[in-house]
Amino acid sequence: HPIVDALSAEAIRLIVASLPRAVADGADLEARVAMAYGSLLSGISMNNAEAMADQFFDEVIGPRFGIPHGIVAGLVLPHVVQYNRPDTPDRTALLADLIVEEPSGSSSERCDQAIERLHRLNSEIDLPALKDLGVPREDLPELARLTASHYGVEMGINPRELTEEGARAVLEAAWEERSPLDSSGS
């Protein structure tokens with residue numbers, strides 16, 4: 001939806017630009033206001049168009065391990081974008097225009113740049129891997145099953161069907177916190 005796209009684009013731009021500053025210095029009022037505005041725009045967007053699978057992971061993992069919403073959603077986001085990439089190459093490349101300083105190259109190269117920028121953003125704010133948050137590796141198969149079955153309840157929200165195998169690939173990458181570009185994304 002064009003209105004949701006516009007709101008989402010501004011939210012993404014604000015959050016990516018302000019999050020590292022807000023995390024580094026909680027007294028940075030300009031960064032915190034930009035984060036609040038970005039969060040508001042994200043909420044309005046999600047209210048009108050729902051969300052991607054990063055939210056499904058959060059709803060399964062967050063409560064079980066007492067991990068805050070934004071931590072889980074942020075940690076899996078680059079991996080979910082990589083997972084969705086085969087079904088959303090144009091939108092993923094467009095993401096580069098919003099979050100990469102000087103996006104360039106083919107659509108595929110811009111997709112890589114966008115996903116790598118999301119991954120670097122997590123590093124910039126010292127977002128820990130799932131293993132560092134106390135999520136046992138042996139729980140990943142069950143978490144993948146629960147996340148994939150949770151997806152079944154909200155069919156059609158994520159652009160690509162989230163299979164149990166796909167959920168497991170996302171969880172493995174987030175558990176190790178390796179670059180999404182180091183995995184197949186399938």
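Against the criterion of being over 16 Å from the mean Cα position of the chain (by Cα) and crowded, with 16+ Cβ neighbours inside 10 Å, HIS119 does not qualify.
Restricting the search to helices (runs of 4 or more DSSP H) fully inside the range 70-186 and requiring at least 1 residues that are within 13 Å of ASP54 (Cβ to Cβ) gives 107-124, 140-153, 164-176. GLU142 falls short of the stated requirement of being at pLDDT 95 or above, surrounded by fewer than 20 Cβ atoms within 10 Å (Cβ to Cβ), out of contact with any strand residue (DSSP E or B) (no Cβ under 7 Å at 6 or more places or on another chain) and under 15 Å from GLN82 (Cα atoms).
Residue-by-condition table, conditions (1) farther than 29 Å from ARG145 by Cβ; (2) modelled with pLDDT under 95; (3) small (Gly, Ala, Ser):
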{"site": "ALA27", "(1), (2), (3)": "yes, no, yes"}
{"site": "ALA36", "(1), (2), (3)": "yes, no, yes"}
{"site": "SER42", "(1), (2), (3)": "no, yes, yes"}
{"site": "ASN48", "(1), (2), (3)": "yes, yes, no"}
{"site": "GLN55", "(1), (2), (3)": "no, yes, no"}
{"site": "PHE65", "(1), (2), (3)": "no, no, no"}
{"site": "GLY74", "(1), (2), (3)": "no, yes, yes"}
{"site": "PRO89", "(1), (2), (3)": "no, yes, no"}
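Pairs meeting the criteria (first residue in the range 22-34 and touching a residue at least 40 places away in the same chain (Cβ under 8 Å), second residue of a type in the set (A, V, I, L, M) and not in a helix (DSSP H, G or I), beta carbons under 6 Å, at least 6 apart or on different chains) are VAL23/ILE125. Filtering the range 6-34 to residues that are in contact with a Lys or Arg (Cβ under 9 Å, 6 or more places away or on another chain) and within 19 Å of PRO78 (Cα to Cα) leaves VAL16, SER18.
Screening the candidates LEU98, LEU77 for the property of being open to solvent by 40 Å² or more (accessible area, probe 1.4 Å), among the aliphatic types (A, V, I, L, M) and in contact with a Lys or Arg (Cβ under 8 Å, 6 or more places away or on another chain) yields one hit, LEU98.
Taking into account only those residues within the range 46-57 that are assigned to a helix (DSSP H, G or I) and open to solvent by less than 10 Å² (accessible area, probe 1.4 Å), which is nearest to ASN122 (Cα to Cα)?
PHE57
Listed by first and then second residue, the pairs linking a residue in the range 158-178 that is free of Cβ contacts under 8 Å to residues at least 60 places away in the same chain and surrounded by 17 or more Cβ atoms within 10 Å (Cβ to Cβ) to a residue that is aliphatic (A, V, I, L, M) and part of a loop (DSSP other than H, G, I, E, B), with Cβ atoms under 7 Å apart and 6 or more places separating them unless they lie on different chains, are TRP175/ALA129; TRP175/VAL135. Of all the listed residues (PRO68, PRO86, PRO2), the sole one being open to solvent by 50 Å² or more (accessible area, probe 1.4 Å), of a type outside the set (A, V, I, L, M) and closer than 19 Å to GLU172 by Cβ is PRO86.
The values are calculated or read from the model by the stated rules, or taken from the named source; none is laboratory data. In this text, all values refer to a predicted model and were calculated from it rather than measured experimentally. Glycine gets a Cβ as well: all are built from the backbone with ideal geometry, and neighbour counts include every protein chain shown. When the accessible area is computed, the model is the full protein with side chains, heavy atoms only, and any ligands, DNA or RNA have been set aside. Shrake-Rupley method; radii C 1.70, N 1.55, O 1.52, S 1.80 Å.
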